[in-house]
Amino acid sequence: MSVVRRSAPLGLRTRLIAAFLLVAAISAVGTAALTYRQARTAILRQSQDTAVETLRDQLEGTRLRLPYDQESLQIQVNELGKRGKPRAWTVYGEYGALRANSNGNGNPTSSLITDALRREIRDKPHGVFQRVMSGKSPYLAVGMPAVITVQGVSQPTGAVFYAVMPLVTEEQTVDLMVAAARNGALPGLAIALVPALLAARSVLRPVRKLRIAAHQMGRGQLDTRIEVRGADELAGLARTFNETAQALEKSVEELQQAEARARRFAADVSHELRTPLSGMLAVTEVLDEDAEQLDPDTAKALRLISAETGKLAVLVEDLMEISRFDARAAGLNLDDVDMAEAVGKSLERRPWGDGQVVTDVPEGLRARLDPRRFDVVLANLVGNALRHGGAPVRITVGTRPDPDGERLTVEVADSGPGIAPEALPHIFDRFFKADAARTRSVGSGLGLAITLENVRLHGGTVTAANGGSGGAVFTVDMPLEAHA
């Protein structure tokens, strides 16, 4: 099967120069063709007009020997043949059945004198002419009837004289003009290349500046502007670009200020809520101890308040943690950690029953990371799997080789129905929840968002996918030795 290769598109500079040269070539060819046509017509017309006038004047100034016999007709054509103008010609005479010519070659007529010329001369007593080709050589044939004037009235004599002359000189002159035009075309196009390059440069310079400015804006330099020169279309484009850049810079600045205010508000609210929540938690803990002594309805309400207060406290802590990430105030406290021990301690701290979580961690695997932040990552992933997936949840820890150094991999897989495809791209968004009507609600407030930020802080990535046999699979990939 043959593969069709597409040629690379020509650049704008090449197209501009090609278009300029094409216009120059068309103009040059058109001008040359028109000049050639006019010059050729003028040269040939001058020759034929001179020949017609000369033959007419000679006939009018010559005493006609009428009536003609063969000898007198021959003498007449010989006399006319000696006075050719603009150059030597051969004169043929016809009088009834008599024929004669001035070159003495014994051929009384010529194939250059056509029947069409003979027919036309009957109706035009002032003479006719015709250009005829003999092989590759052009000739001019002029026909003139001989007339006599009696009492001011011209009367035909029946004699017709034809003058035949070559047009080689005129044709050579025309050929020289064509050669001169042809020889001047290439230097003319070469000279036209200079203004073509200048024109392309003047057009492409603003376009190049616009491309550089757009690239700088794409990299976040929103204060980029283009110097506006002139009042043409390119200057208008540069002015529009500057106006658009200014409006975009203003909009982005307003958005950044609004985002900063929102983050500051969340941080301030979280900080202000910590003090009353601490008191509420302390009170609910005391009341929980005495719940058994209360009536069932009061005890149930008390436990509900205690649980919701605990959730609110977790939310406030998560908000403050997110605020630290947004303010870029979060850092790593690195330590050498035994992974089996770290995973075991993280599971012991949570109220997860036996059999709900299964681990597969190699003995002796050590990593350099922040133990507290790794505990948060693992707890959020396992808690999310148990809450929205299903037990048992399997934790698999391992390593993989990488050109930049060995990397640590942690995989958390649940036994639930998996994540809806439309929810996968948003699974780590803050406060994201899937449609409540679905059987599985994905996302856990800020937990997965905090997990993502903690993994990024270690220089790693975390991804979510659906396993081949069902269930959601979260994979953490980060350096085995993180750097602060």
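The values are calculated or read from the model by the stated rules, or taken from the named source; none is laboratory data. Values in this document were obtained by computation on a predicted structure and should not be read as measured data. FYI the Cβ positions are ideal-geometry reconstructions off the backbone, even for glycines, and counts take in every protein chain you see. What goes into the accessible areas is simple: the full protein's heavy atoms, side chains included, and nothing from ligands, DNA or RNA. Shrake-Rupley method; radii C 1.70, N 1.55, O 1.52, S 1.80 Å.
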Practice task
Within region 435-450, track down each residue that is open to solvent by less than 50 Å² (accessible area, probe 1.4 Å) and either at pLDDT below 80 or over 17 Å from V377 (Cβ atoms) (or both).
Solution key: R440, S441, V442, G443, S444, G445
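Being more than 23 Å from A97 (Cβ to Cβ) and in contact with a helix residue (DSSP H, G or I) (Cβ under 7 Å, 6 or more places away or on another chain) is the filter here; which residues of region 132-162 pass it?
Let us first name the residues in region 132-162 that are more than 23 Å from A97 (Cβ to Cβ), namely 132-140, 149-154.
Within region 132-162, S137, P138, L140 meet the criteria.
Give E481, E453 a once-over and let me know the one that is at pLDDT 85 or above, more than 26 Å from E317 (Cα to Cα) and among the acidic types (D, E). Spell out the reasoning first.
Values: E453 fails: more than 26 Å from E317 (Cα to Cα).
The unique qualifying residue is E481.
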Fill in the blank from the handout: L222 vs (1) open to solvent by 40 Å² or more (accessible area, probe 1.4 Å); (2) of a type in the set (A, V, I, L, M); (3) in contact with a helix residue (DSSP H, G or I) (Cβ under 6 Å, 6 or more places away or on another chain): all pass except (1)
Fill in the blank from the handout: Taking first residues from region 332-352 that are in contact (Cβ under 8 Å) with a residue 40 or more places away in the chain and second residues anywhere that are of a type in the set (S, T, N, Q) and open to solvent by 40 Å² or more (accessible area, probe 1.4 Å), the pairs with Cβ under 7 Å that are 6 or more apart or on different chains are V343/T359
Practice task
Please state which of the following conditions E253 fails to meet, knowing it meets all the rest: (1) modelled with pLDDT of 80 or more; (2) farther than 22 Å from V207 by Cβ; (3) loosely packed, with under 11 Cβ neighbours inside 10 Å; (4) not small (G, A, S).
Solution key: (3)
